[in-house]
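The structure appears right after this line, and notes come after that.
The values are calculated or read from the model by the stated rules, or taken from the named source; none is laboratory data. These numbers come from a predicted model, not from an experiment. Note that we place each Cβ from the backbone using ideal geometry, even for glycine, and neighbour counts take in every protein chain shown.
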Amino acid sequence: MAILNEVIWHLYLIRLDSGHLYTGITTDVSRRFGEHRNGKGAKFLRGREGLKLVFSSSIGDRSSALKIEAAVKKLPKQRKEALINGDFSINDLSAD
């Protein structure tokens with residue numbers, strides 16, 4: 001039986017002008033990215049210019065999104081860049 005109005009969570013990565021990557025989860029990537037650009041998101045991004053959304057992927061439920069977010073945050077930058085470039089997928093993280 002399908003659940004009506006099931007909320008889909010997404011993982012996203014934002015690149016700063018400095019090259020740093022910020023990882024987050026949300027139910028609405030466009031809205032959340034707009035909040036970050038307007039200084040209403042995470043403290044880490046407040047007041048930063050040149051934010052670029054470089055990756056987003058549908059995950060599913062909130063619990064899964066939190067687990068994937070934690071796994072991505074633990075990755076070295078080189079591996080995050082590989083994810084952004086499509087060299088591996090979110091689904092491959094379960095094997096890491």
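Observations, loosely collected:
- Answer from Gly47, Gly41 - the residue that is in contact with a helix residue (DSSP H, G or I) (Cβ under 7 Å, 6 or more places away or on another chain) and either in contact (Cβ under 8 Å) with a residue 24 or more places away in the chain or part of a loop (DSSP other than H, G, I, E, B) (or both): Gly41
- In this structure, Ser89 does not qualify as surrounded by 10 or more Cβ atoms within 10 Å (Cβ to Cβ) and polar (S, T, N, Q).
- Test set (1) within 16 Å of Asp92 (Cα to Cα); (2) in contact with a strand residue (DSSP E or B) (Cβ under 8 Å, 6 or more places away or on another chain); (3) among the hydrophobic types (A, V, I, L, M, F, W, C) - Val29 fails condition number: (1)
- Residues of the range 17-29 that are loosely packed, with under 12 Cβ neighbours inside 10 Å and either within 8 Å of the chain's Cα centre (by Cα) or not acidic (Asp, Glu) (or both): Ser18, Gly19.
- Test: residue in the range 67-81 that is assigned to a strand (DSSP E or B), at pLDDT 95 or above and under 22 Å from Leu93 (Cα atoms): no
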